[in-house]
Amino acid sequence: MRIFSTLVLGLVLAAAGCASTSKVMLGQARPAIAPEQVQVYFSAPPGRYEEIAMLETSSGQFTYGAQNKMDEVLGKLRVAAAELGANGVLFEGSAQGPGGGNVGIGVGGGRFGGSSHLGGGVGVSISPSRTHARGVAVYVFDPPPMGTQPPRP
């Protein structure tokens, strides 16, 4: 039983490791802020800003629905930017990754000790494709009030 629980814990940690957001620093990080204070800009932000980091992330392995995937990647970009003290993210775009449903069929046979054996199997994968997104974490010096940015596409 202990081996099973260790295996499950290892799989959970491995899956969590795959859900990270990559960061490439472009400038100096600032003190962290709350993710709710980070605005996502789908066009150039107003006023002056300073670039802090390039961010890349993807939706979870088992996130279904285009809107859910987009909400998840935008949320991850906000969290990563907030950790760096950025109050904005310049959204650069998103794309669908590989994935989707797959079906595999296998058949095998053999002969051992005068007896013939035949076996077969079917495997099905229904994991959805991931949505990948990129953005630049920025510090906007004079941000507009929350909720005044144009709606996302």
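If you plug each phi of region 52-68 into the Karplus form 6.51 cos²θ - 1.76 cosθ + 1.60 with θ = phi - 60°, what whole-Hz ³J(HN,Hα) values come out, in order, with x for Gly and Pro?
My calculation for region 52-68 gives 10, 7, 8, 10, 9, 8, 8, 6, x, 4, 10, 8, 10, x, 4, 5, 4 Hz in order.
Order of 24-33, 128-137 by packing, highest average Cβ count within 10 Å first?
By packing density, highest mean first, the sequence is 128-137, 24-33.
By how many nm would the segment from Glu36 to Met146 grow when fully extended, if each residue of separation counts as 0.36 nm and the alpha-carbon distance is taken off?
Net length gain for the segment: 38.7 nm.
Taking θ = phi - 60°, what integer Hz values does the Karplus form 6.51 cos²θ - 1.76 cosθ + 1.60 yield along region 30-42, in sequence order, with x for Gly and Pro?
Result, rounded to whole Hz: 10, x, 4, 10, 6, x, 5, 8, 8, 9, 9, 9, 8.
Would you please give the FRET efficiency between Gln28 and Glu92, computed as 1/(1 + (r/R0)^6) with r the Cβ-Cβ distance and R0 = 22 Å, to the nearest 0.05?
Efficiency for this residue pair is about 0.55.
Quick one: which residues, 5+ away or cross-chain, put their amide H under 5 Å from the amide H of Val138? H built at 1.01 Å from N.
Ile52, Asn87, Gly88, Val89, Leu90
Bear in mind these aren't lab numbers, they're just calculated from the coordinates by the rules spelled out. From a predicted model like this one, the values you see are computed outputs, not experimental measurements. Please note: Cβ atoms are built from the backbone with ideal geometry, for glycine as well, and neighbour counts cover all protein chains shown.
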